[in-house]
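Note sheet for the following structure.
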Amino acid sequence: MKELSLNILDIAKNSVRAGAKNIEINLNEDENGILTLVISDDGRGMDKNTLKSVSDPFYTSRTTRKVGLGIPFLILAANQAGGDVNITSKTEEEYPKDHGTTVTATFDTKNIDFTPLGDVTGSLLTLIQGDPDIDYFFKHSTPRFTVTLSTKEIRKTLGEDISLSEPEIILWMKEYLEDQYNV
């Protein structure tokens with residue numbers, strides 16, 4: 001993928017397909033140029049065999065196509081930029097109250113092969129608009145600024161009767177995020 005924001009979109013959509021009600025997306029860039037991406041959810045989780053298979057491009061749980069390239073592309077992007085990917089998961093069957101999956105990827109942003117971050121705001125808004133009933137928490141921290149968005153907090157303010165997919169709400173969230181990035 002040409003931008004990490006597309007990897008974020010793909011992995012978060014996997015969380016949606018796994019029945020997640022809460023998805024957290026954290027980006028942390030440190031002063032040494034190391035970017036850590038963590039996407040965690042409370043979906044069904046993956047058993048040990050599935051967890052071993054997700055890095056195989058010829059494995060997918062989808063029935064619409066025979067390949068699953070999201071995780072393999074993320075691993076490739078991380079490895080090319082001197083980083084790594086770690087995936088942990090707990091199944092709902094084994095852990096009824098504490099299940100889900102966490103994908104952690106690290107990248108050296110100073111590496112010539114670092115894939116640009118891309119339009120993270122656009123990816124996040126696409127996720128929210130496509131699945132407005134899911135609670136998303138987003139945080140992007142750098143040495144210069146921190147950007148956050150919590151759909152749970154927005155829902156508290158607006159009330160449950162207003163969908164977060166309403167165009168006016170999406171536009172407000174876009175402007176809210178852009179204001180935080182324009183420090």
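The values are calculated or read from the model by the stated rules, or taken from the named source; none is laboratory data. Keep in mind that this is a model prediction, so the values were computed, not measured. Every residue, glycine as well, gets a Cβ built from its backbone with ideal geometry; the counts of neighbours run over all protein chains shown. With ligands, DNA and RNA removed, areas are computed over all heavy atoms of the protein, side chains included. Shrake-Rupley method; radii C 1.70, N 1.55, O 1.52, S 1.80 Å.
Structural remarks
- Unmet requirement for Pro116, which otherwise passes all of (1) under 18 Å from Ala12 (Cα atoms); (2) touching an Asp or Glu at 6+ places or on another chain (Cβ under 7 Å): (1)
- Among the residues making up segment 141-183, those that are within 24 Å of Arg17 (Cβ to Cβ) and within 15 Å of the chain's Cα centre (by Cα) are Leu149, Ser150, Thr151.
- On inspection, Lys2 passes the criterion of being open to solvent by 40 Å² or more (accessible area, probe 1.4 Å), within 19 Å of Pro72 (Cα to Cα), assigned to a loop (DSSP other than H, G, I, E, B) and of a type outside the set (A, V, I, L, M).
- Test result for Ile34, touching a strand residue (DSSP E or B) at 6+ places or on another chain (Cβ under 7 Å), at pLDDT below 95 and open to solvent by 40 Å² or more (accessible area, probe 1.4 Å): no
- Close Cβ contacts (under 7 Å, 6 or more residues apart or on different chains) running from residues in segment 17-40 that are under 20 Å from Glu3 (Cα atoms) and part of a loop (DSSP other than H, G, I, E, B) to residues that are of a type outside the set (Asp, Glu) and open to solvent by 30 Å² or more (accessible area, probe 1.4 Å) comprise Gly33/Thr109; Gly33/Lys110.
- Subset tally (residues that are open to solvent by 90 Å² or more (accessible area, probe 1.4 Å) and either touching a strand residue (DSSP E or B) at 6+ places or on another chain (Cβ under 7 Å) or at pLDDT below 95 (or both)) for segment 173-183: 2
- Put simply, of Phe73, Phe107 the only residue that is touching a helix residue (DSSP H, G or I) at 6+ places or on another chain (Cβ under 9 Å), open to solvent by less than 30 Å² (accessible area, probe 1.4 Å), among the aromatic types (Phe, Trp, Tyr) and touching a residue at least 24 places away in the same chain (Cβ under 8 Å) is Phe107.
- Taken together, the residues in segment 121-135 that are under 13 Å from Lys21 (Cβ atoms) and open to solvent by 40 Å² or more (accessible area, probe 1.4 Å) amount to 1.
- Of all residues in segment 122-141, those satisfying the criterion of being small (Gly, Ala, Ser) and part of a helix (DSSP H, G or I) are Gly122, Ser123, Gly130.
One line per residue, one yes/no per condition, for (1) in contact (Cβ under 8 Å) with a residue 24 or more places away in the chain; (2) open to solvent by less than 30 Å² (accessible area, probe 1.4 Å); (3) out of contact with any His (no Cβ under 9 Å at 6 or more places or on another chain):
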position	(1), (2), (3)
Phe137	yes, no, yes
Ser141	yes, yes, yes
Thr148	yes, no, no
Thr151	no, yes, yes
Thr157	no, no, yes
Glu160	no, no, yes
Leu171	no, no, yes
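- Any hit, segment 101-111, residues being in a strand (DSSP E or B), of a type in the set (Asp, Glu) and more than 24 Å from Leu164 (Cα to Cα): yes
- Qualifying residue in segment 12-31 (condition: open to solvent by 10 Å² or more (accessible area, probe 1.4 Å), closer than 12 Å to Leu127 by Cβ and aliphatic (A, V, I, L, M)): yes
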